[in-house]
1. Going by what's in this entry, would residue 250 be described as exposed (fewer than 13 other Cβ atoms within 10 Å of the Cβ) and either in contact with a strand residue (DSSP E or B) (Cβ under 7 Å, 6 or more places away or on another chain) or within 26 Å of residue 76 (Cα to Cα) (or both)?
2. Over 20 Å from residue 10 (Cβ atoms) and either surrounded by 22 or more Cβ atoms within 10 Å (Cβ to Cβ) or in contact with a strand residue (DSSP E or B) (Cβ under 9 Å, 6 or more places away or on another chain) (or both): does that describe residue 51?
3. Name the residues in segment 1-45 that are outside any loop (DSSP other than H, G, I, E, B), farther than 18 Å from residue 56 by Cβ and either within 18 Å of the chain's Cα centre (by Cα) or modelled with pLDDT of 95 or more (or both), would you?
4. Identify the single condition in (1) surrounded by fewer than 17 Cβ atoms within 10 Å (Cβ to Cβ); (2) under 21 Å from residue 107 (Cβ atoms); (3) in contact with a helix residue (DSSP H, G or I) (Cβ under 6 Å, 6 or more places away or on another chain) that residue 38 does not satisfy, given that it satisfies every other one.
5. Is it the case that some residue within segment 89-98 is over 14 Å from residue 67 (Cβ atoms) and either buried (at least 20 other Cβ atoms within 10 Å of the Cβ) or in contact (Cβ under 8 Å) with a residue 40 or more places away in the chain (or both)?
6. Please enumerate the residues belonging to segment 79-100 that are over 19 Å from residue 119 (Cβ atoms) and in a helix (DSSP H, G or I).
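The values are calculated or read from the model by the stated rules, or taken from the named source; none is laboratory data. Keep in mind it's a predicted model, so treat the numbers as computed, not measured. Positions of Cβ are backbone-derived with ideal geometry, glycine not excepted, and every protein chain shown enters the neighbour counts.
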């Protein structure tokens, strides 16, 4: 279980909403004994250090998600690495120790081989382990529809959207397991990507319960990344933020079609639920 965009994802909300939402998610994880790692956009630490300390107090390890959530292909390697270093310094100051894990914003690792490989070398030289993702999903677009329904006080839509969310995460989990079995001839140890938002503050518990009913057992990130799956060569060069399962052999760009088809299906369901999904970055 990994959570991105700490201290909070999406449009600015007041401190009370962030604090209550954080406490709710921490409580849901704790009640189920689910270990998690969080990835921080460090430019947002100012004014939110108490929220991040709540995560630390709950035993959640914090990783680097860059200071400003920059896309390496938009800003270039030099500016991007400076943003990584800024977050590294901020996390060391906050936690008193060097962060271990790094998560690429939007999972985009570089659209050219040279950019991808130079970024990977730079991160390795800083002591970072790439926190790959295998269970990618459309949670961000569902969270947007949920927020809009909440702002409209449309409780019926909120309930419907929450059900769409739980069912979608189950589908993403089962899809990742199927791809792993096809490529590895076995199931793998998986990494789930979610975000800090009101949808998860209200419903992450139900989502976790659904995954557990399908056989998920939640363990720490470093345990999962010890699976040989994560040591396989990265065969993808391009600008999309793809699941690690799509980047390994046997490489087939058609693997990612499921994501697009599922996102379109989710958008249709959200429209039927009176939500209003927009075109947004998925991470």
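1. So residue 250 fails the test.
2. no
3. Listed by number, the residues that qualify are 20, 31, 43.
4. The number of the failed condition is (1).
5. no
6. 90, 92, 93, 94, 95, listed by residue number.
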